[in-house]
Ligand SMILES: [Zn+2]
């Protein structure tokens, strides 16, 4: 039995029918390196491939911003306001409440991280959805569907018929960035491309385009570091 975790605890094996060759791909939000293996390749070859590239794997993981798991006392920015996570182990059911300064979690569960994750995702669905609908109405458009995902490569998408998806992790971003990403997706309700007219509309819709845009460009990847981090 080959122990891939001996090379790096971050390696995950992905046997892919579509893959033509062995490849290593970073999944920053999960802090995984996926080792993609074509169906016909041998596991031994894949193991050697990962071994040869162990430094690349280590560097990629080291370059990621440090993880911030949901533990008592940490600070989490939620919708532009820093809140202290307070976990109180008591009661029979899990209760979560967001105040102006804290995210209070009262729970009998030893590690309520998955519950906190679910709570924040629902909060994102509600708060980001609200903002997106208001912004769409400014250009006389309506969203036909709004959903949130844990998207890895993009912060949102929007089709001309009004189906918008945003990464729920945007709730950890500053308001100017949340506003920029929503303005960007709303602008796609009129312009399905990234042409000049699209950017003019996007900037007009944004409350502070340069701040929001630049922060996302520089710090967007850091939004993935909150929460349940495997390892
Ligand atoms: Zn776009």
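What follows draws every value from the coordinates through simple rules; no lab data is involved. What you see is a predicted model, and the numbers here were worked out from it, not measured in a lab. In this analysis, Cβ positions are derived from the backbone assuming ideal geometry, glycine residues included, and neighbour counts consider all displayed protein chains.
Looking at region 5-27 only, could you name the residues that are touching a residue at least 40 places away in the same chain (Cβ under 8 Å) and crowded, with 18+ Cβ neighbours inside 10 Å? It would help to see each step written out before you state the result.
First pass over region 5-27, keeping only residues touching a residue at least 40 places away in the same chain (Cβ under 8 Å): 7-11, 27.
7, 8, 10, 11 - these are the residues of region 5-27 that are touching a residue at least 40 places away in the same chain (Cβ under 8 Å) and crowded, with 18+ Cβ neighbours inside 10 Å.
Which residue is nearest to the chain's Cα centre (by Cα), if the candidates are limited to region 136-157 and must be over 22 Å from residue 203 (Cβ atoms) and within 15 Å of the ligand (Cβ to nearest atom)?
By that ranking, first place goes to 151.
Find the residue count for region 206-231, including only residues that are touching a helix residue (DSSP H, G or I) at 6+ places or on another chain (Cβ under 7 Å), surrounded by fewer than 18 Cβ atoms within 10 Å (Cβ to Cβ) and not in a helix (DSSP H, G or I).
Residues flagged as touching a helix residue (DSSP H, G or I) at 6+ places or on another chain (Cβ under 7 Å), surrounded by fewer than 18 Cβ atoms within 10 Å (Cβ to Cβ) and not in a helix (DSSP H, G or I) within region 206-231 amount to 3.
Being within 16 Å of the ligand (Cβ to nearest atom), touching a helix residue (DSSP H, G or I) at 6+ places or on another chain (Cβ under 7 Å) and under 19 Å from residue 204 (Cα atoms) is the filter here, so list the residues in region 158-184 that pass it.
Let us first name the residues in region 158-184 that are within 16 Å of the ligand (Cβ to nearest atom), namely 158-167, 170, 177-184.
Adding the requirement that they be touching a helix residue (DSSP H, G or I) at 6+ places or on another chain (Cβ under 7 Å) leaves 158, 164, 166, 170, 177-184.
Residues satisfying the conditions are 158, 177, 178, 179, 180, 181, 182, 183, 184.
One residue is enough: does region 104-119 have a residue meeting the conditions within 16 Å of the ligand (Cβ to nearest atom), more than 18 Å from residue 222 (Cβ to Cβ) and part of a strand (DSSP E or B)? Walk me through how you get there before you give the answer.
If we filter region 104-119 for residues that are within 16 Å of the ligand (Cβ to nearest atom), which is where we start, we get none.
No, region 104-119 contains no residue that is within 16 Å of the ligand (Cβ to nearest atom), more than 18 Å from residue 222 (Cβ to Cβ) and part of a strand (DSSP E or B).
Among the residues of region 81-88, is any over 20 Å from residue 111 (Cα atoms) and surrounded by 14 or more Cβ atoms within 10 Å (Cβ to Cβ)?
Residues of region 81-88 over 20 Å from residue 111 (Cα atoms): 81-82.
If we keep only those that are surrounded by 14 or more Cβ atoms within 10 Å (Cβ to Cβ) as well, we get none.
Checked region 81-88: no residue is over 20 Å from residue 111 (Cα atoms) and surrounded by 14 or more Cβ atoms within 10 Å (Cβ to Cβ).
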